[in-house]
Amino acid sequence: MAELPMNLRDDNISEETKTLISSLPRERDSQGKLCKYQGCWYYYNTLQALINFQTNFQPRDSDIVLASFPKSGTTWLKALAIAILERSKQNSDDPLTHPLLSDNPHGIVPFFEIDMYLKTATPDLTKFSTSSPSLFSTHMPLHTMKEGLKDSPCKVVYLCRDVKDALISRWYFRCKYQNKQVAGSILESMFESFCSGVSFYDPFWDHALSYWSGSLENPKQVLFMRYEEMKTEPYVQVKRLAEFLGYPFTKEEEESGLVNKVLELCSLRNLSGLEVNKTGKTWMNVDNNSYFRKGEVGDWKNYLTPEMETKIDMIIEEKLQGSGLRL
Ligand code: PAP
């Protein structure tokens, strides 16, 4: 069996973190040991990474953080944010200088807890996020990430996706990096873990609610976006994103077709066809092509039984009751 990625393991934790873990709720799943920190479940090395981040990250006010629950379209959001910030390169005489043509979006926008703070508590930040302003990303819930942001007014964009589609996407991804057949038994066990709220970065409902509440409390700092809306009205949503980030498209840019060029550059078809995404690997040694699959809304209907659908819907409805958030 392939070795587990480092963020899922438990071989890089300090004595202090070991003591902390011994005081936390703990569980085990088929991949390893999990503990619940600030309301969310993490494998131990990831917990260490996010404590490193919370303790040592020095934000700049201009930093931008792209946040999501796993498999909610993070790669797409990263690509769009890069394309918005770097759009002058798309119109230049030498479009080959565009960063998205030579690197995967995950190579350009690092995760705090996966790429930056996993191996060391004090990474050399100049190696990461060379864009200006700096773009970072995370799968942590908002309250945990805010500890690392201290009081900085960094902008945060959260991309939310139908959790049933995210579950199917995660199932395919997990089978791929574990070199396993895409088996129904694995999906069943992931479904059970999801429903119990005990799985990496779960419970999903608390995750989404942290960003939902943050976006209501401080709409200038936290933007709540939805994958499904990006699919149905990409033009409107990419303009909304650019405006929120403080880089709105000008009338001239719109008239010249630049918004559509950005969308085309970031389309699943285009990105997945680029050589770097067909053959390259991320820092974590994951094949770049594993971040691109179907990108469809409602693909879960091909895999989940009506009973599974009902159970997930009922849990989500109950957990979100009174929040105003509908998923
Ligand atoms: P991550 O959490 O590991 O970063 P993430 O990018 O959030 O992964 O999720 C991958 C999903 O986004 C895949 O969905 P699927 O399995 O249902 O197909 C992937 O296909 C989809 N995706 C990646 N890039 C794009 C894109 N440019 N447009 C639309 N969907 C995309």
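So with the 1.4 Å probe, I'd like the accessible area per residue for the chain, rounded to whole Å².
For the chain, the per-residue accessible area is 46 Å².
Rounded to whole Å and sorted largest first, what semi-axes of the equivalent ellipsoid does the C-alpha gyration tensor of the chain yield via the square root of 5 times each eigenvalue?
Working through the eigenvalues yields semi-axes of 30, 23, 21 Å.
Rounded to whole Hz and in sequence order, give me ³J(HN,Hα) for the range 249-265 from the Karplus expression 6.51 cos²θ - 1.76 cosθ + 1.60, θ = phi - 60°, writing x for Gly and Pro.
In residue order, the calculated couplings are 6, 7, 4, 5, 5, 4, 5, 7, x, 5, 4, 5, 5, 4, 5, 5, 4 Hz.
GNM on the chain, C-alpha springs below 10 Å: top fluctuator among LYS155, LYS127, LYS278?
Of LYS155, LYS127, LYS278, the most mobile in the Gaussian network model is LYS127.
Testing the spin-label approximation: label points 7 Å from Cα along Cα→Cβ at LEU24 and LYS261. State their distance in nm.
Label-label distance for LEU24 and LYS261, simple model: 4.6 nm.
If you build a Gaussian network model of the chain, linking Cα atoms that sit under 10 Å apart, which residue out of THR310, THR282, THR55 swings the most?
Between THR310, THR282, THR55, it is THR310 that shows the largest mean-square fluctuation.
Taking R0 as 41 Å, what's the FRET efficiency between GLN181 and THR130 from their Cβ-Cβ distance, rounded to 0.05?
After rounding, the FRET efficiency stands at 0.55.
Starting from the coordinates of the alpha-carbon atoms of the range 125-196, obtain the Kirkwood hydrodynamic radius over all distinct pairs and give the value in Å to one decimal.
Its Kirkwood hydrodynamic radius stands at 15.3 Å.
May I ask you to order 204-213, 238-247 by the average number of other C-beta atoms within 10 Å around their residues, highest value first?
Descending packing order for the listed peptides: 204-213, 238-247.
Indicate the gyration tensor shape class of the range 175-292 (rounded, prolate or oblate), computed on the Cα atoms with a ≥ b ≥ c the square roots of the eigenvalues: a/c under 1.5 is rounded; otherwise a/b larger than b/c is prolate and the rest oblate.
On the way: a/c = 2.65, a/b = 1.31, b/c = 2.02.
Note, shape of the range 175-292 comes out oblate.
Which FRET efficiency, nearest 0.05, do ASN56 and LYS251 yield, Cβ-Cβ r, R0 45 Å?
That pair, ASN56 with LYS251, gives E of 0.55.
For the range 225-290, count all C-alpha to C-alpha pairs, find those more than 17 Å apart, and express that count as a whole percent of the total.
On the way: 1143 of 2145 pairs.
Tail of P(r) above 17 Å: 53 percent of Cα pairs.
Can you return the aspartates and glutamates within cross-link range of LYS301? Criterion is Cα-Cα under 18 Å, with same-chain partners fewer than 8 residues away left out.
ASP162, ASP165, GLU188, GLU192, GLU228, GLU309, ASP313
Along Cα→Cβ, 7 Å out, is where each label goes; now give me the distance between the ones at LEU216 and TYR235 in nm to one decimal.
3.3
Please list, in chain and number order, the residues 5+ apart from LYS33 or on another chain whose amide H is under 5 Å from its amide H, with Hs placed from the backbone.
TYR44
Under a point spin-label approximation (7 Å from Cα along Cα-to-Cβ), what is the GLU16-LYS278 distance to one decimal in nm?
The two pseudo-label positions are separated by 4.8 nm.
Mind scanning LYS33/LYS180; LYS164/LYS220; LYS89/LYS127; LYS155/LYS281 and naming the pairs with a C-alpha gap bigger than 24 Å?
Among LYS33/LYS180; LYS164/LYS220; LYS89/LYS127; LYS155/LYS281, the Cα-Cα distance tops 24 Å for LYS164/LYS220; LYS155/LYS281.
At a Förster distance of 45 Å, what's the computed FRET efficiency of LYS119 paired with ASP206, Cβ-Cβ distance as r, to 0.05?
Calculated transfer efficiency: 0.95.
Work out from phi, with θ = phi - 60° and the Karplus expression 6.51 cos²θ - 1.76 cosθ + 1.60, the ³J(HN,Hα) of each residue of the range 68-81, listed in order in whole Hz, and give x for Gly and Pro.
For the range 68-81, the Karplus-derived couplings read 6, 7, x, 6, 9, x, 3, 4, 5, 4, 4, 4, 5, 5 Hz, x marking Gly and Pro.
Provide the per-residue ³J(HN,Hα) series for the range 293-303, in order, calculated from phi with Karplus coefficients 6.51, -1.76, 1.60 and θ = phi - 60°, each as a whole number of Hz, with x at glycine and proline positions.
Working through the residues one at a time gives 10, 9, x, 9, 8, x, 4, 4, 4, 7, 10 Hz.
Give me the percent of DSSP beta bridges within the chain that run antiparallel, rounded to the nearest 5.
Looking only at bridges with both residues in the chain, the antiparallel portion is about 35 percent.
The values are calculated or read from the model by the stated rules, or taken from the named source; none is laboratory data. Keep in mind that this is a model prediction, so the values were computed, not measured. Every residue, glycine as well, gets a Cβ built from its backbone with ideal geometry; the counts of neighbours run over all protein chains shown. The area values use the complete protein model at the heavy-atom level, side chains included, leaving out ligands, DNA and RNA. Shrake-Rupley method; radii C 1.70, N 1.55, O 1.52, S 1.80 Å.
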